[in-house]
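What follows is a short report on a single structure.
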Amino acid sequence: MTGIYATGTIRLGQTLRGWCSMSEDVVLTANLREPGYPRHLRQQGYVPMVLYGKGLENLHLQVSQPELERVMTLGAERGLLQLRVEELDEEERVVMVREIQRDPVERDILHMDLYQVDLTEKLTTNVPVYFEGEEEATAGIGVLQHEIRELEIECLPVNIPDYLLVDISHLTLGDSITVADVSAPEGVEILNEPTETLVTLVQPRMEEEEEEEEEEEIDLEEEVAREPEVIGEEQEEEEPEA
């Protein structure tokens, strides 16, 4: 099995999009609100949220747009963060983003679901997969055809890796990377089928089309070349009847 994993806190300026572990840098402050999704709430610069969890009564929250953008910039969309509900909490809760609704045009966040995690219980979630060695693999011979960009894993919340990184520099044309080729850190189980394909090194589409066109031209030339012989044979058969 090939590949490496990474854990840690996402910092501003970090190049890879990943999972953030708990950090003072990733604390979201929210306030209680009345149930429902009033339009004027967003018009006033707030985003409605719902917090739920095992044995927890749903909490209807709101957070200011600038505060949410600050936290999302730190990578909170894909990992653990600390939440403080000002009216209730003296200490932060550990939560993760479960669902985000965005405006289809502007892509602004319209609503968010948060899940309060139990650090002692395993959970299932998705982790992004990144590939290194792409330049070596594709240099002059092919392109990568991606099938899966995320893997489903099960682990304790504190063991969620930032991402899974797979070396593909050794690939040759027609080779694939499957789930079985990906390694995970201790305590993390990949739930996808081992035979599922993540990426394949394939021939560039342009070359495939050129080969298809050449084959079509050859077939056409062969067909044209055969036609006089067929006509001649029919004429020779018809001459005695004239």
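The values are calculated or read from the model by the stated rules, or taken from the named source; none is laboratory data. Bear in mind the structure is a predicted one, so any value in this text is a computation, not a measurement. Every residue, glycine among them, receives a Cβ derived from its backbone with ideal geometry; neighbour counts consider all protein chains shown. With ligands, DNA and RNA removed, areas are computed over all heavy atoms of the protein, side chains included. Shrake-Rupley method; radii C 1.70, N 1.55, O 1.52, S 1.80 Å.
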### Query
Hey, any hits in region 194-210 for a residue that's among the hydrophobic types (A, V, I, L, M, F, W, C), in contact (Cβ under 8 Å) with a residue 12 or more places away in the chain, open to solvent by 30 Å² or more (accessible area, probe 1.4 Å) and part of a loop (DSSP other than H, G, I, E, B)?
no
### Summary
Within region 100-109, residues at pLDDT below 90 and open to solvent by 80 Å² or more (accessible area, probe 1.4 Å) come out as Glu106, Arg107, Asp108
### Message
Step by step: first the residues of region 136-160, then only those that are over 15 Å from Glu193 (Cα atoms) and β-branched (Val, Ile, Thr), then the one that is least open to solvent (accessible area, probe 1.4 Å). Which residue is that?
### Response
Ile160
### Summary
Residues of region 100-152 being in contact with a Ser or Thr (Cβ under 9 Å, 6 or more places away or on another chain) and of a type in the set (A, V, I, L, M), in sequence order, are Ala137, Ile141, Leu144, Ile148
### Summary
For region 114-135, the count of residues that are open to solvent by 70 Å² or more (accessible area, probe 1.4 Å) and either hydroxyl-bearing (Ser, Thr, Tyr) or touching a His at 6+ places or on another chain (Cβ under 8 Å) (or both) equals 1
### Query
Do you know which of the residues in region 166-190 that are touching a Pro at 6+ places or on another chain (Cβ under 6 Å) and part of a helix (DSSP H, G or I) is most open to solvent (accessible area, probe 1.4 Å)?
Ala180
#### Entry: Members of region 80-132 that are basic (Lys, Arg) and assigned to a strand (DSSP E or B)
Arg84, Arg93, Arg98, Arg102
